[in-house]
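Comments concern the structure below.
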């Protein structure tokens with residue numbers, strides 16, 4: 001029995017020695033060795049890598065300013081100030097800016113710039129408002145409610161459109177069409 005214990009102890013010691021030698025052979029890489037590996041990688045000809053597909057909405061253009069052309073900036077600044085319920089900021093170049101969320105409405109007096117007659121916007125500019133009835137009352141007082149028909153209903157009347165928006169249409173003196181939509185009812189498409 002003593003002989004068995006001695007043999008077992010010898011085997012344990014021998015196993016520990018082998019393990020130490022194996023560990024000793026695996027020295028941590030020196031900075032010099034790491035630098036050589038990095039340099040070798042840099043010098044090696046690069047292989048074409050698979051193209052990573054860009055996220056679907058990586059660089060989507062964002063609308064930040066839109067123009068409406070008018071023939072008299074003072075008159076237009078008063079009109080838009082009353083209709084929108086805010087003051088505009090006069091800018092160089094016969095312009096007045098109105099902050100409408102992330103997009104600035106730029107009212108531009110084309111006539112003052114010697115650029116001829118203002119061209120109305122092709123389609124309505126859409127504004128979201130919290131209190132549609134208050135904006136409607138201001139538009140009514142300004143006499144700018146649209147007389148056009150929109151889906152069989154007068155555009156200048158507050159109504160729920162077939163797509164679910166509660167809105168009304170108006171236009172300025174220079175025939176720029178405007179639409180005011182109650183927040184919470186917008187149809188994003």
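Rule-based calculations on the coordinates, nothing more; no lab input. Quick caveat, the model's predicted, so the values are computed rather than measured. Ideal geometry is used to build each Cβ from the backbone, glycine not excepted, and the neighbour counts take in all protein chains shown.
Is the shape of the range 56-186 best called rounded, prolate or oblate, per the rule: a/c under 1.5 gives rounded, else a/b larger than b/c gives prolate, else oblate, with a ≥ b ≥ c the square roots of the Cα gyration tensor eigenvalues? In terms of gyration-tensor shape, oblate. When a/c reaches 1.5 or more, the comparison of a/b and b/c decides; with that in mind, is the range 63-116 rounded, prolate or oblate per its Cα gyration tensor? Cα axes put the range 63-116 in the oblate bin. Distance from the Cα centroid of the range 86-112 to that of the range 138-189 is 22 Å (rounded to whole angstrom). DSSP assigns beta bridges within the range 63-116; of those with both partners inside it, close to 60 percent run antiparallel. Calculated on the Cα set of the range 120-189, radius of gyration then Dmax: 11.2, 32 Å. Label-to-label distance for residue 115 and residue 157 is 3.8 nm, based on points extended 7 Å past Cα in the beta-carbon direction.
Please figure out what share of the DSSP beta bridges in the range 120-189 is antiparallel and state it in percent, rounded to the nearest 5. Looking only at bridges with both residues in the range 120-189, the antiparallel portion is about 65 percent. Simple spin-label estimate for residue 140 and residue 103 gives 2.7 nm between the two label positions (7 Å along the Cα-to-Cβ direction from each Cα). On full extension, the segment bounded by residue 63 and residue 175 gains 38.1 nm, given 0.36 nm per residue less the C-alpha separation.
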